[in-house]
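A short worksheet on the structure shown next.
Nothing in this text is a laboratory measurement; each read-out follows from the coordinates by a stated rule. This one's a predicted model, so the numbers in the text were calculated from it and none came from an experiment. Cβ sites come from the backbone with ideal geometry, for glycine too, and all protein chains shown count toward neighbours.
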Amino acid sequence: MSLRINQNISAMTAHRWMQANDSSMAKSIERLSSGFRINSAADDAAGLVISDTLQTQVNGMGVAQRNTQDAINMIKTTESALGEVENQLNNIRDLALGAANANGSASVIAANQAQVDKALQSIDRIADQTEFAGQKLLGDTSGTDSIEGKVFQLGAQSGQTATFSANGTTFGGVTLTTDMHGSALGFAGTAGSYATAKSGTNYATLEDGESEDFHVVWEKADNTTDIVDFTVTNGSGGDWTDIDDMTDAINTQLKASGYDNLLEATNDGTKVSLGVVDRMENLSEQSTDSKVTVYTNASTANEGTNFGFTGAADAGSRASSGITLSANPANYGTLLDSIDDALSQVDGLRAALGAFQKNTLESNLNSLGVAQENLSSSESAIRDTDMASEMVSFTKSQILMQAGQSMMSQANQAPQNILQMLR
């Protein structure tokens, strides 16, 4: 030991090692407290880059698993709706079989027909209303309003997608479709024309106390006829010049007569129109054999001076149910074949959805779980603290700090020896 007083080299050396040990102990404390071996790029620059890349993949796989589960739920929603369509088709088939054995009984056939019409309406409603997160699933074949062509992001990287497609494939000898409307299932129906009085280019005012007579004839498909007469009278105390008042008066009379489910008056601000509304009692009453005619002024067609009506004209068309139960048992062979084809279409689409769910979506969900687990393990090995090993380093640094403190004390005692020489 040198006997110099200007520089205490031994103390400086002890101090240097104490600083190093303090830094090492602080790093150990940081790692033990955070649980991470890498808390900044300075700890391990290359390891930080690799760890961040792996963490991005792990996070992406978590999102991909949620996406896949959403896709499974969409498929389940579609398949559940198809199950109800199948129930309705089986119900229609049973009704057709019952009607085939009715031996021409008009009452049995009419009752079964009414139920068939309601079942087809339910099928159309399912096609229109089956949705998942605002997206229609069974409305068409283009992919705009159906499950057809839906693309699911099933991976953590771009391009890792799966697309559902069934349109155009065959199953049981029929071509599949994702449009579940009755018309797409082979029950196209028949367009029926409806004649009603249509408005002319002008209308005359209805003066105070003046009336307009209406005579409505509804010839139904079951060969019965409903007739209703009503009169619209201006009793306001002044001339009716407001076309909205006249329109409201007609609709009030229609409602009072129970015909607001059939006819409705509208106007475009210049003339009144009286047309058929789409609320008939059942679809069979909308066939080509069903016609509505509106007469004005003493029940004479092609007249209607007060409201400017120009007489009977085509008011448009409505589709019939597409399934007509017959009194002739020989007609049921073709009908039952059509229903069986529709059932095959539904079964084929359900099978396609089930295969996509099991072999694509659920398989992908399982593989994503395994991959995420392995990537997390790799990322943990790089970034996380080995607590046992770090505790050994921390204990070592503690001991060295204590030793350094002791040696610093000894080194600071050295100049005291020089004082003994100076006495």
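For a label point 7 Å from the Cα of GLN7 along Cα→C-beta, name the residues of the range 395-423 whose backbone N is under 18 Å from it.
Hits in the range 395-423 for GLN7 at 18 Å: 411-412, 414-415.
Calculate one ³J(HN,Hα) per residue across the range 75-84 by plugging θ = phi - 60° into the Karplus curve 6.51 cos²θ - 1.76 cosθ + 1.60, and present them in order as whole Hz with x for glycine and proline.
5, 4, 4, 4, 5, 5, 5, 5, x, 6
Once phi is turned into ³J(HN,Hα) by the Karplus curve 6.51 cos²θ - 1.76 cosθ + 1.60 with θ = phi - 60°, what whole-Hz value does each residue of the range 157-171 show in order, with x for glycine and proline?
My calculation for the range 157-171 gives 10, 5, x, 8, 10, 9, 10, 8, 8, 9, 4, x, 7, 10, 8 Hz in order.
Any idea how far apart ASN87 and SER338 come out in nm if each label point goes 7 Å out from Cα toward Cβ?
2.5
Placing one identical point scatterer on every Cα of the range 1-140 and ignoring solvent, what is log10 I(q)/I(0) from the Debye formula at q = 0.09, 0.15, 0.17 Å⁻¹?
-0.63, -0.93, -1.01
Per residue of the range 142-148, what does 6.51 cos²θ - 1.76 cosθ + 1.60 with θ = phi - 60° give for ³J(HN,Hα)? Whole Hz please, x for Gly and Pro, Karplus curve as stated.
Couplings: 7, x, 5, 10, 7, 6, 4 Hz.
Under 5 Å between amide hydrogens, which residues at least 5 positions from THR324 or on another chain qualify, with H placed 1.01 Å from N in the peptide plane?
Result for THR324 returns nothing.
Long-range amide H contacts for ALA166: which residues qualify at under 5 Å (H placed 1.01 Å from N, peptide plane, sequence gap of 5 or more or a different chain)?
Here the answer is GLY149, since their amide H atoms fall under 5 Å of that of ALA166.
Kindly provide the pair-distance distribution of the range 334-423 built from C-alpha pairs, with 10 Å bins from 0 and whole-percent values in order of increasing distance.
12, 14, 13, 12, 10, 9, 8, 7, 6, 4, 3, 2, 1, 0
Compute the distance in nm between two label points, each set 7 Å from the Cα along the Cα-to-Cβ direction, one at MET421 and one at ARG66.
With each label point 7 Å from Cα toward Cβ, the separation is 7.6 nm.
FRET efficiency for ALA133 and SER107, Cβ-Cβ distance as r, R0 = 60 Å, nearest 0.05?
For R0 = 60 Å, the calculated efficiency reads 0.80.
Could you give the length gained by full extension between SER326 and SER165, i.e. 0.36 nm per residue of separation minus their alpha carbon distance, to one decimal place? All intermediate terms of the calculation are to be shown ahead of the outcome.
Values: separation 161, 0.36 × 161 = 57.96 nm, distance 3.76 nm.
Roughly 54.2 nm would be gained on extension.
Can you compute the modelled spin-label distance between LYS396 and VAL370, with each label point 7 Å from Cα toward Cβ, in nm?
4.0
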